[in-house]
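K.L.:
To start, I am sharing the structure in question, which I have written as structure tokens.
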Amino acid sequence: MKRQAIILITASSILLAQPVFALEVDREVMPRITIGGRVIGTVDAVDFDSDPNAKSEINIDDSVLLTRFDKRLYGGGVAGAVLGMREDDNAVLFHEANVFYWSQNIQAAIGQTRLRNSLIEFPTLRDEDLLSYSHVGNASSNDELHQLYGKQISFDWILDQKDQSLGAWFGSRDDEASLEQDGLDSHGVGYTYEISEDLLFVKRLRHAGILVDRQKVNLMRNEWMTALVAGAEFNLNLNPQANWSMALQAIVNNGVDGLTLANLTSPSAVAMQARAKSTALIASIRYTSRPHLLTRWQAALNVAYKDYSDFSNATQLTLIPSFVYTLGQGVDLLGQISYTDFDNSLGDGTDTQIQLGIAFNFDTRFNDNIGERNSILNIEHGYIN
């Protein structure tokens, strides 16, 4: 009996002598990772009176690679960052590099991102196809990418109905050395109405809004020019399998004084045309075939008109029919014809471009513990909808 007690005491001592470790908690939470992109290639056959040296080519502009990293915050809401690379004139550039925050009622972002200088996305293959009509131009640069992207801080307040928002932003448009302009040179405010994607084909009004865009022009003195943008997109019928829709947008730009006709056709014509007083109007109509609610093809016609009101006979008109046929998820055949007619003061000629090609799109998520379902490709131009 005495021997057994000794054994028990020894075993208890061994157990009590074991070191005790505190539970270590790894506070690093893996972010949700979203990767998306598009490779678009077209054969562009051109006949440009405005550029007699233009030649037919293979065009891969607007091919992009996008990444997004985001996490839920302790106090609610989601924060993250977007990095995007885009092919531009045989170079690869960061066109998206921003951090963001969103919650049920607020959205905010700071960094390089798309400018708030347009409301409606028209059914063309690329942004550039109607760029001089659809976006408020950059008065400090002739570069195409500078018409679309800049550094800015933006705030959006989501209203009670959840499909309406008020927005404000300020920042800087990129410039060129020959048209140097530094600092915070742009700001604006706007109101938008946009229904969720699941209601896109069952409500009449898809999207509408109005915004004011202001930018500084560095001339003999710093001068501010103001543009007003208004637009709407709506369904002409409520059949989601065979849908007809229409979009309208107008941009009225008060411009600056002192420009001549020579400025509008100079080597710096893009920036100079952005400085000119003008009115731009666009209308589009599209038909989307969605048998069994699966989008198969889309045909559209865009009509755009621009008038530089300080000059006589200074108008231009563009017609763009386009066609997209979906071969499979993310794979589309593309076709488009662009015809532009210039009035006497703008050269009295016509430009024609025929584009045929194919596009591949993808969007995938890892560690998706957030539940927000918007595609990262929504921040890029969408040619089919």
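The values are calculated or read from the model by the stated rules, or taken from the named source; none is laboratory data. Quick caveat, the model's predicted, so the values are computed rather than measured. Please note: Cβ atoms are built from the backbone with ideal geometry, for glycine as well, and neighbour counts cover all protein chains shown.
K.L.:
Restricted to segment 343-385, and to residues that are free of Cβ contacts under 8 Å to residues at least 60 places away in the same chain and part of a helix (DSSP H, G or I), which residue is nearest to Tyr133 (Cα to Cα)?
P.N.:
Asn344
K.L.:
Look through segment 247-275, keep the residues that are closer than 24 Å to Tyr193 by Cα and touching a residue at least 40 places away in the same chain (Cβ under 8 Å), and return whichever of them is farthest from the chain's Cα centre (by Cα).
P.N.:
Asn253
K.L.:
Among what's in segment 120-155 and is among the small types (Gly, Ala, Ser) and part of a strand (DSSP E or B), pick the residue that is nearest to Ala232 (Cα to Cα).
P.N.:
Among those residues, the one meeting the criterion is Ser154.
K.L.:
Another one. Identify the single condition in (1) farther than 30 Å from Gly80 by Cα; (2) modelled with pLDDT of 95 or more that Leu293 does not satisfy, given that it satisfies every other one.
P.N.:
With respect to (1) farther than 30 Å from Gly80 by Cα; (2) modelled with pLDDT of 95 or more, Leu293 is out only on (2).
K.L.:
Are any residues in segment 220-239 of a type in the set (Asp, Glu) and over 30 Å from Ser289 (Cβ atoms), and if so, which ones?
P.N.:
Within segment 220-239, Glu223 is the sole residue that qualifies.
K.L.:
Testing Asn117 on (1) at negative phi; (2) in a loop (DSSP other than H, G, I, E, B); (3) surrounded by fewer than 19 Cβ atoms within 10 Å (Cβ to Cβ), one condition comes back false. Which one is that?
P.N.:
It fails just one condition, (3).
K.L.:
Please state which of the following conditions Ser196 fails to meet, knowing it meets all the rest: (1) closer than 30 Å to Leu238 by Cβ; (2) at pLDDT 95 or above.
P.N.:
Result: Ser196 fails condition (2) only.
K.L.:
All but one of (1) of a type outside the set (A, V, I, L, M, F, W, C); (2) in a strand (DSSP E or B); (3) without any contact (Cβ under 8 Å) to a residue 40 or more places away in the chain hold for Gly84; which doesn't?
P.N.:
(3)
K.L.:
Can I ask one more? Would you be able to tell me the number of residues in segment 39-72 that are among the charged types (D, E, K, R) and at pLDDT 95 or above?
P.N.:
Result for segment 39-72: 2.
K.L.:
Here's a follow-up. Just to be sure I understand the filter: pairs with C-beta atoms under 8 Å, separated by 6 or more residues or on different chains, first member in segment 182-207 and outside any loop (DSSP other than H, G, I, E, B), second member surrounded by 18 or more Cβ atoms within 10 Å (Cβ to Cβ) and basic (Lys, Arg). Which pairs pass?
P.N.:
Between residues of segment 182-207 that are outside any loop (DSSP other than H, G, I, E, B) and residues that are surrounded by 18 or more Cβ atoms within 10 Å (Cβ to Cβ) and basic (Lys, Arg), the close pairs are Ser186/Arg173; Ser186/Lys216; Gly188/Arg116; Gly190/Arg116; Glu194/Arg206.
K.L.:
Moving on. Among Gly171, Gly167, Gly150, which is the only one that is farther than 14 Å from Thr113 by Cα, buried (at least 17 other Cβ atoms within 10 Å of the Cβ), at pLDDT 90 or above and of a type outside the set (Phe, Trp, Tyr)?
P.N.:
Gly167
K.L.:
Scanning segment 49-80 for residues that are in a strand (DSSP E or B) and without any contact (Cβ under 8 Å) to a residue 24 or more places away in the chain, which turns out farthest from the chain's Cα centre (by Cα)?
P.N.:
So, considering only residues that are in a strand (DSSP E or B) and without any contact (Cβ under 8 Å) to a residue 24 or more places away in the chain, the one farthest from the chain's Cα centre (by Cα) is Glu57.
K.L.:
Can you confirm whether Ser140 is under 23 Å from Leu264 (Cβ atoms), crowded, with 19+ Cβ neighbours inside 10 Å and of a type outside the set (Phe, Trp, Tyr)?
P.N.:
The answer is yes for Ser140.
K.L.:
For the subset of segment 352-382 comprising residues that are modelled with pLDDT of 95 or more and surrounded by 19 or more Cβ atoms within 10 Å (Cβ to Cβ), which member is farthest from Leu301 (Cα to Cα)?
P.N.:
Asn361
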